[in-house]
Amino acid sequence: MTTHPTRPFEGQKPGTSGLRKKTPVFMQPGYLENFVQSTFDAIGGVAGKTLVLGGDGRYFGVEAAQVILKIAAAGGAARMIVGQGSWLSTPAASNLIRLRKADGGIILSASHNPGGPDEDFGVKYNMANGGPAPEAVTDAIFARTQVIDSYRKLDAPDVNLTMVGESRLGDMVVDVVDPVSAYADMMESIFDFKALRGLFHEGFAMRMDSMCAITGPYAVEIFENRLGAAKGTVVHEQPLPDFGGMHPDPNPTWAHELMAEMMGPDAPDFGAASDGDGDRNMIVGRGIYVSPSDSLAVIAANAHLVPGYAQGLKGVARSMPTSAAVDRVAEALKLACYETPTGWKFFGNLMDAGRVSLCGEESFGTGSDHVREKDGLWAVLMWLNIIAARNMGVAEIMADHWETFGRNYYSRHDYEALPVDQANAMLGDLRDRLSSLKGTQVQGLVVQDADEFSYEDPVDGSISAHQGFRILFEGGSRAVLRLSGTGTEGATLRVYLERYVAGPEGLTEDPQHALAPIIAATEDLVGIKARTGRKGPDVIT
Ligand code: VG1
Ligand code: CO
């Protein structure tokens, strides 16, 4: 074992989901080592512990895994369970932590951010429940990174991570496992695979776009091998270090190939895409895109049709900026419904306490208490199982849902890479004016209330303040503004827009059109274009 003196690096503060930086930043000598050692120090050391390790296959992942193994060995860890090739999707890592009763895990991913030598890398720590470390832990990690003066790393050759099986690194066992099989088995235990095999046998056509990221091997095993979907159902199925140049964010902008196919004349029955680390999903029917907030609501309304949820849901939760579509379902089903800040780490306590079984975010994240992360392929299987059980297509299911519950028109507008000072000044100014906005008339709308969201965790009482600005208009429309905590360049402003229409009229408008008054009112109140000089958002979802 060698002790290496080191000095703190600035800015090793985990964001919405782990520490994300440009790859060259992570590759600086000592940078990754500092963060990993700080993480281990913050959790009380790793002596005698078992941890899971894997990532989304992006550039620098294999090298990073070797470094982490040597730091873990030097810290006296008993066992590291590593996905073969250093691969594990985020939900598969969460599952392995729970299944193997590990003390925690490290996921190497910057999720939906592009990968490669000049793109992004990330490291995230998960707890024994399989979920992302809560803020108390990430704060402790950050505090440690600011004072660290040495890290310990075993002086040893690299471990072979290409073959399944056990080996040793010093006294530590390195247990290389097939990254896919335990996850696929879990899916088989939740869903009606017999019905799904029947669906594909009858010719149901699906396109799954894995965007050259980690879900490829999982999707091929589940859809093509176990469920009998046609070969070639999964495209971009080979995980590549740079995601083949794709931006692995499953939304209409970045998954445009899939969108074009689904909106084209020869569209298959069903389409889906997932992100870099496999925790996000986009659902598309033939000729119809399903917004993530609607997807959550549909899954909540139909979950009882899926064997794993036949007993009904315990409750549901959504992040604050996610639309209230799921709230209407919860009300009808008399389910508890929680509103949390952005980021999956806030759902863990609710799931552990048995208060909710279904959670979702507007950012293409849906999941349940089968693991403690959002789960892209799980959401796809939920939809397939619901389609099979109801014998209806995506468009029919959506129309039926809106007729029953009304429609929450929804869209998110992202302004990327703004100068940090400019973005902070704009929101700081909004904060100062919040209390005076009430009653303001703008674009034919009246501001009912405006506040900054603060969350008190109902399980442990911890408080998370400054979680986004809410401007609520009379009639149930709203705009939410917050800065991204996952970006690596400048500041990204997210503007979340929502308007409720009860129906039966007006349920089939184009969302941008339906939301136009709220978009205009938000511009009048906040002056985004005026202050940034931008003509419009970079990404609309
Ligand atoms: C974004 C999303 C958030 C999600 C987070 C991690 O965070 O808005 O809902 O939980 O990414 O998702 P932010 O702070 O940039 O808005 V993933 O798939 O990157 O693990
Ligand atoms: Co992700």
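List of remarks:
- Scanning segment 13-40 for residues that are under 19 Å from ALA140 (Cβ atoms) and polar (S, T, N, Q) gives THR16, SER17, ASN34, GLN37, SER38, THR39.
- One residue alone among SER111, SER94, SER89 is touching a residue at least 60 places away in the same chain (Cβ under 8 Å), open to solvent by less than 10 Å² (accessible area, probe 1.4 Å) and at positive phi, and that residue is SER111.
- Filter result for GLY48 (within 16 Å of ligand 2 (Cβ to nearest atom), open to solvent by 10 Å² or more (accessible area, probe 1.4 Å) and modelled with pLDDT of 95 or more): no
- Set MET246, MET263, MET320, MET259: member being surrounded by fewer than 24 Cβ atoms within 10 Å (Cβ to Cβ) and within 16 Å of ligand 2 (Cβ to nearest atom): MET246
- Among the residues of segment 271-300, those identified as assigned to a strand (DSSP E or B), within 16 Å of ligand 1 (Cβ to nearest atom) and of a type outside the set (Ser, Thr, Tyr) are ALA272, ALA273, ARG280, ASN281, MET282, ILE283.
- Checking every residue in segment 381-402 against the condition of being of a type in the set (Phe, Trp, Tyr), open to solvent by less than 10 Å² (accessible area, probe 1.4 Å) and within 16 Å of ligand 2 (Cβ to nearest atom) gives zero matches.
- With respect to the conditions (1) touching a helix residue (DSSP H, G or I) at 6+ places or on another chain (Cβ under 8 Å); (2) open to solvent by 50 Å² or more (accessible area, probe 1.4 Å); (3) in contact (Cβ under 8 Å) with a residue 24 or more places away in the chain; (4) farther than 30 Å from LYS345 by Cβ, GLY503 falls short on a single one, namely (2).
- Filtering segment 127-138 for residues that are open to solvent by 70 Å² or more (accessible area, probe 1.4 Å), more than 22 Å from the chain's Cα centre (by Cα) and not acidic (Asp, Glu) leaves an empty set.
- Set PRO241, PRO252, PRO268: member being part of a loop (DSSP other than H, G, I, E, B), surrounded by fewer than 23 Cβ atoms within 10 Å (Cβ to Cβ) and at pLDDT below 95: PRO252
- Counting the residues of segment 484-500 that are surrounded by fewer than 22 Cβ atoms within 10 Å (Cβ to Cβ) and either farther than 30 Å from LYS13 by Cβ or not β-branched (Val, Ile, Thr) (or both) gives 7.
- Matching entry among ALA303, ALA330 (being outside any loop (DSSP other than H, G, I, E, B), away from ligand 1 (no atom under 16 Å from the Cβ) and under 14 Å from ASN408 (Cβ atoms)): ALA330
The values are calculated or read from the model by the stated rules, or taken from the named source; none is laboratory data. Predicted model only: the values in this text are computed from it and were never measured. Positions of Cβ are generated from backbone atoms using ideal geometry, with glycine treated the same way; all protein chains shown enter the neighbour counts. Only protein heavy atoms, including side chains, enter the accessible area calculation; ligands, DNA and RNA are left aside. Shrake-Rupley method; radii C 1.70, N 1.55, O 1.52, S 1.80 Å.
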